[in-house]
Amino acid sequence: MNGSDLPGLPRDENGPVFAEPWQAQAFALAVRLSAQGHFTWKEWAEALAAELAAAVERDEADEDGSEYYHHWVATLEKLVAAKGLAGPPELFERKAAWADAFRHTPHGQPVQLRPDFRISYAYRQSPLHRVTREDGISKEIRVQDGHLFICNGCCCGRTDKGFPALPLDDFKKQWKKRGIRRRFHLTISGCLGPCTLANVILLQMHGRTMWFHSINHPSDVDLIYNYVERMLVDETDNEIPAELATRHFQRYI
Ligand code: FES
């Protein structure tokens, strides 16, 4: 397997060329997984072609080949998830483990994963804040990273009114399954206001508010929680992913 059947692959007369070591590793991973029978090379070529075509659709065409291996890695992530080899939570955990390793490796030494690293969201639980109620009793509450409101009001999810069904169970199940509850809250709410855009959700993260419409499918739930998890892992406010950006809208001045 030398990639000669992959259009756009950076190569010279001897085979593929790599600008960075991680690109060679990503290439080798795909070759290895294919050799192990997890997917055929034809399947790989098709998945990569679809990823490259989607990038062109988003106006992110890889004009000079410098982005090729970013698309390669995106393809790899999707394919290993589709084949049940590693889902988004495992991938996020692995990335977080490497980010942790880089943060803890002294300059000049080889970067190695720390065996005791655990991302379990308990690893970085939200701080507690003590609040005194009006009756004088004080209680501890958790200060969280974010909150997701799923509209289940008079229109969102109401198929009897001609609106798309709402993937409500997926929102609930994934919230529990991903183990993010101590840092991120989920509320199934009444009408959030912009009914004509059904199905509407409101995402608050690190003080930032984002509204999305047309969140109709279980795959949309994956996109939302993948985005949330990325922000929980990075502890930064990432850009909205392209697949969601088209459904992002402004609600407040
Ligand atoms: S019912 Fe969802 S915005 Fe009104």
Give me the pairs, please: first residue somewhere in the stretch 13-41 and within 13 Å of Thr75 (Cβ to Cβ) and among the hydroxyl-bearing types (Ser, Thr, Tyr), second residue anywhere and assigned to a helix (DSSP H, G or I) and at pLDDT below 95, beta-carbon distance under 6 Å, and either six or more positions apart or on two chains. Ser34/Trp41; Ser34/Trp44
Test: residue in the stretch 91-107 that is more than 16 Å from the ligand (Cβ to nearest atom), within 22 Å of the chain's Cα centre (by Cα) and part of a loop (DSSP other than H, G, I, E, B): no
Would the stretch 233-240 turn up any residue that is in a loop (DSSP other than H, G, I, E, B), more than 15 Å from the ligand (Cβ to nearest atom), charged (D, E, K, R) and in contact with a Ser or Thr (Cβ under 9 Å, 6 or more places away or on another chain)? no
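Against the definition (within 15 Å of the ligand (Cβ to nearest atom) and either under 28 Å from Ala96 (Cα atoms) or surrounded by fewer than 20 Cβ atoms within 10 Å (Cβ to Cβ) (or both)), how does Asp222 come out, yes or no?
no
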Within the stretch 21-56, the residues that are assigned to a loop (DSSP other than H, G, I, E, B) and either over 24 Å from the mean Cα position of the chain (by Cα) or assigned by TED's automatic domain parsing to the domain that holds Glu243 (or both) are Gln36, Gly37, Thr40
Of these, Asp160, Asp169, which one is free of Cβ contacts under 8 Å to residues at least 24 places away in the same chain, of a type in the set (D, E, K, R), within 16 Å of the ligand (Cβ to nearest atom) and part of a helix (DSSP H, G or I)? Asp160
Select from the stretch 142-157 the residues that are out of contact with any Leu (no Cβ under 7 Å at 6 or more places or on another chain), away from the ligand (no atom under 16 Å from the Cβ) and farther than 19 Å from Leu223 by Cβ and list them in ascending order. Val143, Gln144
Selection from the stretch 137-157 of residues that are of a type outside the set (Val, Ile, Thr) and part of a loop (DSSP other than H, G, I, E, B): Gln144, Asp145, Asn152, Gly153, Cys154, Cys155, Cys156, Gly157
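Look through Glu140, Glu134 and report the one residue that is free of Cβ contacts under 8 Å to residues at least 40 places away in the same chain and in contact with a Lys or Arg (Cβ under 6 Å, 6 or more places away or on another chain). Give the derivation first.
Numbers: Glu134 fails: in contact with a Lys or Arg (Cβ under 6 Å, 6 or more places away or on another chain).
Going through Glu140, Glu134 in turn, the sole match is Glu140.
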So, Ala61, is that one under 23 Å from the mean Cα position of the chain (by Cα), farther than 18 Å from Gly84 by Cα and in a loop (DSSP other than H, G, I, E, B) or not? yes
Which residue is surrounded by the fewest Cβ atoms within 10 Å (Cβ to Cβ), if the candidates are limited to the stretch 174-192 and must be within 16 Å of the ligand (Cβ to nearest atom) and assigned to a loop (DSSP other than H, G, I, E, B)? Gly190
Selection within the stretch 193-212 - assigned to a loop (DSSP other than H, G, I, E, B) and surrounded by 19 or more Cβ atoms within 10 Å (Cβ to Cβ): Ala198, Asn199, Val200
Selected residue [in the same structural domain as Asn152 (by TED's automatic domain parsing), in contact with a Gly (Cβ under 7 Å, 6 or more places away or on another chain), within 16 Å of the ligand (Cβ to nearest atom) and touching a residue at least 12 places away in the same chain (Cβ under 8 Å)] from Asn216, Asn199: Asn199
Looking for something surrounded by 15 or more Cβ atoms within 10 Å (Cβ to Cβ) and at pLDDT below 80 - is there at least one such residue anywhere in the stretch 15-37? no
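The values are calculated or read from the model by the stated rules, or taken from the named source; none is laboratory data. Everything numeric in this text was worked out from a predicted model, so none of it was measured. Cβ sites come from the backbone with ideal geometry, for glycine too, and all protein chains shown count toward neighbours.
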